[in-house]
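Below is one structure; the comments refer to it alone.
The values are calculated or read from the model by the stated rules, or taken from the named source; none is laboratory data. What you see is a predicted model, and the numbers here were worked out from it, not measured in a lab. Cβ atoms come from the backbone with ideal geometry, glycine included; neighbour counts cover every protein chain shown. These accessible areas exclude ligands, DNA and RNA; they are computed on the full protein's heavy atoms, side chains included. Shrake-Rupley method; radii C 1.70, N 1.55, O 1.52, S 1.80 Å.
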Amino acid sequence: RTKLLLHLLDTSLPSPERAFETVRKELELYSPELAEKPVVVVGTKIDLLSDRSKIEKLKRHFERIGYRFFPISSVTGEGVSALLDFVAGELERL
């Protein structure tokens, strides 16, 4: 039933990239079939970042390795509309 995985990643962590890789490895061990589903990386808590350049760095990193990246803040709502629009389009396409 799962068509698309949203991986929520806390951008305030010292190394969100490493946290993502850890979860991806665990997912592959748990279910190789599930790990093959399309993934969107959602960078959360961007309202906590004092250095907003981290968002662009993360976006470049994840897109370089083949994932779409959407930075959002649940507190302020920043980026949520763009994420929802993308997810709706992807689910329709899939």
Residues being out of contact with any Leu (no Cβ under 9 Å at 6 or more places or on another chain) and either open to solvent by less than 60 Å² (accessible area, probe 1.4 Å) or not in a helix (DSSP H, G or I) (or both) - total across the range 11-34: 5
Pair list, Cβ < 8 Å and 6+ apart or interchain, from the range 33-50 residues that are closer than 15 Å to residue 78 by Cα and small (Gly, Ala, Ser) to residues that are modelled with pLDDT under 95 and open to solvent by less than 10 Å² (accessible area, probe 1.4 Å): none
Output for the range 79-93, where each listed residue is touching a residue at least 12 places away in the same chain (Cβ under 8 Å) and either in a helix (DSSP H, G or I) or open to solvent by 100 Å² or more (accessible area, probe 1.4 Å) (or both): 82, 83, 86, 87, 90, 91
Single unsatisfied condition, residue 37 versus (1) open to solvent by 30 Å² or more (accessible area, probe 1.4 Å); (2) more than 17 Å from residue 4 (Cβ to Cβ); (3) of a type outside the set (A, V, I, L, M): (2)
Filter pass, residue 4 being at pLDDT 95 or above, under 24 Å from residue 81 (Cβ atoms) and in contact with an Asp or Glu (Cβ under 6 Å, 6 or more places away or on another chain): yes
Selection count where residues are assigned to a helix (DSSP H, G or I) and among the β-branched types (Val, Ile, Thr), scope the range 57-78: 0
Candidate set from the range 58-78 (those that are more than 13 Å from the chain's Cα centre (by Cα) and surrounded by 13 or more Cβ atoms within 10 Å (Cβ to Cβ)); member that is farthest from residue 8 (Cα to Cα): 78
Every residue from the range 40-56 that is surrounded by 13 or more Cβ atoms within 10 Å (Cβ to Cβ) and not in a strand (DSSP E or B): 45, 46, 47, 49, 54, 55
